[in-house]
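Worksheet: one structure, shown below.
What follows draws every value from the coordinates through simple rules; no lab data is involved. Every value quoted in this text rests on a predicted model; they were computed, and no experiment measured them. Neighbour counts are summed over all protein chains in view; Cβ atoms, including those assigned to glycine, are modelled from backbone coordinates with ideal geometry.
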Amino acid sequence: MIHEPTRTPWSPSRCWPGRRIASSLRPAGPVALALGAWLGAAAPAAADPFEAGSYIIPMDTDYQDEGMLRAYGLVYELLRSDVPVRWVILGGKAYGQSDFTATATDVATGMPIGSHDYRGGPFVIDSFDAPEAAPIIEDWLATYPETAVHVAAEPFQGEVARYLVVAPTIAMVADGNQDIARGYMQAAAIPDSTLSLAWANDSPDMLDVEELSGPTDVDHRDGLLFDEDGDPVYCQLMSMHWGVNDAQNDPEVVAEVREYLNNPVHFFAECQAVNAFENLAPHGFFLTPNGFEIGDRPNDVDYYHMDSPFGQLDGIWESVGGSEPAYSLPPGDMYKAGDITMVTEAGTPEGVNDVWMTGFLDGQCPPDQHECGQYGKVSYLGGHQYRTDLPMSTNPDTWGTRMFLNSLFEAPCATVEGLPLVSVAVDAPAQTTDPDVTLAITYVNTGYATALDVTLTDVLPASRAPPPTRSPTRSPTRTSRSGPPTG
């Protein structure tokens with residue numbers, strides 16, 4: 001049996017401030033507000049106290065050696081069920097340094113765990129949300145018992161690097177090597193939008209070149225990354241090995257992806273797909289001024305920015321071969337934003353045989369910034385295919401797969417910072433005897449993420465008849481804080 005913690009009282013530090021709309025505000029595209037959305041949402045503080053009864057999903061090899069990849073599937077399932085998850089990472093930490101120390105109990109076995117230094121960016125479910133999380137965790141452990149989950153025995157503190165509230169919507173490029181991404185997702189047990197783990201070639205989220213390009217090469221928002229209004233319908237897009245020649249033959253794919261990145265989304269490319277997208281003029285050059293040169297596979301690596309969610313690991317990285325095992329900048333070039341590399345050849349400067357890097361489109365913001373307004377994030381991984389073998393401690397070439405999974409949850413569209421910011425004002429009579437009541441509703445989205453298929457529900461007191469069902473309504477007119485609107 002699963003240990004179900006006691007619910008702790010609500011406090012303002014646990015939730016976003018503002019008024020709650022009854023029922024939901026449910027975008028169907030790149031973001032999905034949690035059930036009972038909070039209005040006027042603001043990001044929580046970076047550091048948070050956690051009470052006893054909070055769940056901890058360890059991400060170090062001491063306790064998650066066999067379940068490291070499945071742990072991401074559990075996080076996805078919690079988010080899909082509207083249970084928020086804190087990604088706790090110590091700011092400024094060095095390679096191998098712990099994120100926090102806590103005393104806990106193993107959920108599956110009931111075995112006590114003494115004071116443990118949790119490393120590798122563990123995930124935490126606050127005790128306030130634990131009752132909703134408990135049955136999800138119980139079901140997950142019944143199916144995937146290799147996953148470790150702990151419950152805190154005493155209060156502890158940890159720095160919340162990302163407050164995850166949305167299960168990201170994910171698309172793959174059917175580039176002929178989608179088996180690579182499919183294998184990564186299946187290793188984590190993360191399904192497609194139909195909840196299928198097969199990620200079959202006919203999955204609605206498996207997009208081929210024609211679907212990505214759309215019917216024209218004039219409108220760069222008419223492919224299936226967008227809806228009929230030009231709003232993105234996916235939080236994440238990945239391409240594992242699309243060829244350079246393929247990009248030259250179908251440049252509209254790169255143009256559509258560039259337009260897609262003018263939204264708070266995330267694009268991941270691996271191996272040859274990196275140069276296919278980055279090096280194509282004029283639509284590429286997402287992170288560099290002139291593209292990449294193919295680098296050499298490093299035998300040893302240095303680690304940087306270990307407090308970045310993208311860089312969370314707890315072991316020795318082993319690079320893999322392939323047509324593009326690493327990337328170097330042409331002499332004299334720099335990344336548009338600079339300082340974006342997390343794994344590179346040992347003893348070399350940034351821009352020489354880089355293996356794992358991330359940054360915002362066109363260097364619009366520093367790479368360590370949580371969000372960049374309307375701009376999306378781009379991540380590149382060198383090497384053809386990383387393994388999914390476990391345990392992690394004896395399979396160092398599986399760490400690249402973990403970096404891929406890190407990137408799924410770091411993007412703004414998966415966090416509270418990337419939510420639509422919807423404000424609602426309602427004007428109605430204070431009291432009436434008329435059975436028909438007219439409500440004057442003013443609503444506006446001032447965020448950069450687009451809210452789709454929004455439903456507003458007004459719940460009458462229990463002593464009154466229920467209101468008539470309202471049909472879903474398109475998102476209100478957007479206003480932008482700065483720059484052009486995105487939907």
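Here the ratio of the Cα radius of gyration of the range 170-417 to 2.2 N^0.38 Å is 0.93.
Largest first and in whole Å, the equivalent-ellipsoid semi-axes of the range 263-338 read 22, 17, 13, each the square root of five times a Cα gyration tensor eigenvalue. Distances over 20 Å make up what percent of all Cα-Cα pairs in the range 354-420? In whole percent, the long-distance tail amounts to 39.
Counting Lys and Arg as +1 and Asp and Glu as -1 over every other residue whose Cβ lies under 11 Å from the Cβ of Ala108, the net charge comes to -3.
The magnitude of the dipole of the range 237-317, with charges of +1 and -1 set on the Cβ of Lys/Arg and Asp/Glu and taken from the Cα centre, is near 100 debye. With the convex hull drawn over the C-alpha atoms of the range 152-300, the volume per residue is 182 Å³. Full extension of the chain segment joining Gln248 with Asp302 gains 16.1 nm, where the gain is 0.36 nm per residue of separation less the Cα-Cα distance. Seen from every direction in turn and averaged, the convex hull around the alpha carbons of the range 43-164 projects onto 6.8 nm². In terms of overall dimensions, the C-alpha atoms belonging to the range 246-386 reach 38, 33, 30 Å along their principal axes, ordered largest to smallest. A simple count of charges around Thr358, restricted to other residues whose Cβ falls under 9 Å of its Cβ and scoring Lys, Arg +1 and Asp, Glu -1, yields 0. For the range 170-417, the antiparallel share of DSSP beta bridges with both residues in that region comes to about 55%.
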